[in-house]
Amino acid sequence: MKRRDFLAGSAACSLGALTGQALAQSGPLTKVIFPFAAGGGGDALCRLLAQHIGPLLDRNIIVENRTGGDGLIGIKAVKGANPDGTTILVTTGPTMYLLPMVETTPSFDAAKDFVPVSQLARFEFCVFVGTAVPAEVKDFKQFVAWLKANPDKATFGVPSNGTIPHFSGSRLEQALGIKLTRVAYRGSAPIINDLVGGHMPFAISTLTDAIPQHRAGNIRILAVGSETRSPFLPDAPTLKENGIDLVADAWYGMWLPAGASSDFAKKLSEAAAAALAKPEVKEKLLAIGLIPVGSTPEGLTQQLAANTAFWQPVVKETGYKITN
């Protein structure tokens with residue numbers, strides 16, 4: 001199978017052109033490589049970080065969007081970079097733990113080829129239904145009962161194959177004991193259009209993409225995939241509240257090439273945490289559907305290991321692979 005857009009609902013992340021204040025720093029030029037195109041919530045996240053981290057580190061920071069290969073082009077560029085602290089990787093967590101699982105021959109090992117810096121911000125996924133599902137189906141348990149009564153309609157959309165929504169569907173299939181048919185789209189927008197039009201019963205995608213149509217009454221969000229209820233939609237229960245052992249959210253993280261100084265990694269981590277803790281930064285991130293996190297390098301390592309341990313058996317059971 002050829003590669004497709006790898007991360008469903010994840011926004012592209014670029015540090016972009018910095019403000020004059022950041023560019024005026026006298027320190028060494030630091031390049032942040034992001035392996036996807038600019039635009040969206042991730043881009044806003046990184047611009048905010050650049051404005052605050054550059055001055056804290058006394059560095060000039062520029063971005064290079066090294067796109068292609070579902071993120072592998074940029075990841076490999078940082079993997080092979082000089083570990084002198086002037087090249088930084090910013091990407092989504094799933095690129096770091098899912099890509100090695102689904103490649104026929106893994107191109108990198110996140111634990112061996114990179115030095116962790118910080119988890120930055122997370123975003124959430126949800127299960128939602130469209131007009132093809134009767135209006136009297138009000139909650140997730142009623143929806144499960146409807147699926148069991150209508151197995152010919154147990155079809156769901158995801159923004160892309162090989163993603164968190166893809167494998168969340170596989171996990172739901174296991175947990176519910178219902179055969180589900182997955183249909184991969186190119187992004188969330190066409191899925192939502194099909195749900196509103198009654199052409200697809202349900203979908204798994206990013207919460208922030210689904211909320212506008214949910215509030216308009218055109219679709220219904222039945223459950224969120226986060227550990228706790230979302231601050232963006234507190235009335236929606238989690239999958240765990242519905243008896244499904246599944247936490248399906250994603251996050252942005254920051255890494256350095258293997259061999260980079262642990263002291264610099266710690267300093268960079270502290271600068272990122274300081275930026276993310278500022279009220280004005282929090283407010284702007286929450287407004288675009290991102291939940292600021294910030295962590296130590298050890299915290300990022302633990303998060304990556306936990307995600308890997310959870311998803312590895314799920315991915316392995318599906319047998320899904322992409323060609324190198």
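Work out the length of the dipole vector of region 191-324 about its Cα centre, built from +1 on the beta-carbon of each Lys and Arg and -1 on the beta-carbon of each Asp and Glu, and round it to the nearest 20 debye. All intermediate terms of the calculation are to be shown ahead of the outcome.
Details: 11 positive and 13 negative charges, 28 e Å.
Approximately 140 debye in magnitude.
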Exercise for the section: Taking the dipole about the Cα centre of the chain, with the C-beta of Lys and Arg at +1 and of Asp and Glu at -1, give me whichever of Leu256, Leu207, Thr323 is farthest to the positive side. Expected result: Thr323
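Under the Kirkwood approximation for Rh and a Cα-based Rg, what ratio Rg/Rh is obtained for region 272-321? Kindly include the intermediate steps, with their values, before the conclusion.
On the way: Rg = 15.6 Å, Rh = 13.1 Å.
Ratio of gyration radius to Kirkwood radius: 1.19.
What are the chymotrypsin sites (Phe, Trp or Tyr not before Pro) within region 237-324 that DSSP puts in a loop, where the Cβ has at most 10 other Cβ atoms within 10 Å? Display every interim value, and only then the final one.
Details: sites: Trp251, Tyr252, Trp255, Phe264, Phe310, Trp311, Tyr320; in loops: Tyr320.
Here no chymotrypsin sites (Phe, Trp or Tyr not before Pro) fit, given the DSSP loop and packing criteria.
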Exercise for the section: Using a 10 angstrom cutoff on alpha carbons, build the Gaussian network for the chain and name the most mobile of Asn307, Asn161, Asn193. Expected result: Asn193
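Compute the relative contact order of the chain as a whole-number percentage, counting only Cα pairs closer than 8 Å that sit 6 or more residues apart in sequence. Intermediate values should be presented prior to the final figure.
Values: 702 pairs, mean separation 84.8, N = 324.
Computed over the chain, the figure is 26 percent.
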Completion exercise
Summing +1 per Lys or Arg and -1 per Asp or Glu among the other residues with Cβ less than 11 Å from Pro292's Cβ gives +3
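Take every DSSP beta bridge with both residues inside the chain and express the antiparallel ones as a percent of the total, to the nearest 5.
On the way: 24 of 41 bridges.
Counting only bridges with both partners in the chain, antiparallel ones make up about 60 percent.
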Practice task
Under 22 Å Cα to Cα from Lys31, which lysines show up? Leave out anything in the same chain fewer than 8 places away.
Solution key: Lys76, Lys79, Lys112, Lys266, Lys267
Completion exercise
With the chain reduced to its Cα atoms and the Debye formula applied, log10 I(q)/I(0) at q = 0.11 1/Å amounts to -0.67
Practice task
Sort Asp139, Asp235 by accessible area with a 1.4 Å probe, largest first.
Solution key: Asp235, Asp139
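Please list, by residue number, every one of the GluC sites (Glu not before Pro) in region 98-159 that is coil in DSSP and has at most 14 other beta-carbon atoms within 10 Å. If you can, show how the numbers build up before the last one.
Values: sites: Glu103, Glu124, Glu136; in loops: Glu136.
Hits after loop and neighbour filter: Glu136.
Could you give the C-alpha radius of gyration of region 82-241 expressed as a fraction of 2.2 N^0.38 Å, taking N as the number of residues it contains? Don't jump to the answer; show the numbers that get you there.
Numbers: Rg = 17.6 Å, N = 160, 2.2 N^0.38 = 15.1 Å.
Rg over 2.2 N^0.38 Å, computed on Cα atoms: 1.16.
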Practice task
Please work out the ratio of the alpha-carbon Rg of region 97-155 to 2.2 N^0.38 Å and round it to two decimals.
Solution key: 1.90
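If the only charges are +1 at each Lys and Arg Cβ and -1 at each Asp and Glu Cβ, what is the size of the charge dipole of the chain around the Cα centre, to the nearest 20 debye? Provide the component values of the computation, followed by the final result.
Values: 30 positive and 27 negative charges, 88 e Å.
The calculated dipole for the chain is roughly 420 debye.
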Handout entry: HN-Hα J in Hz across region 134-146 - Karplus 6.51, -1.76, 1.60, θ = phi - 60°, x for Gly and Pro
Key = x, 4, 6, 7, 9, 9, 5, 5, 5, 5, 4, 4, 5
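Where the accessible area of the chain is counted over protein heavy atoms with a 1.4 Å probe, how much of it, in %, is carbon and sulfur? Walk me through the numbers before you get to the answer.
Values: 6850 of 13100 Å².
Heavy-atom surface of the chain belonging to carbon and sulfur, 1.4 Å probe: 52 percent.
The values are calculated or read from the model by the stated rules, or taken from the named source; none is laboratory data. Remember, predicted model here, so these are calculated numbers, not experimental data. Methodologically, a virtual Cβ is constructed for each residue, glycine included, from the backbone with ideal geometry; neighbour enumeration extends over all protein chains shown. Keep in mind that these areas ignore ligands, DNA and RNA; they rest on the heavy atoms of the full protein, side chains included. Shrake-Rupley method; radii C 1.70, N 1.55, O 1.52, S 1.80 Å.
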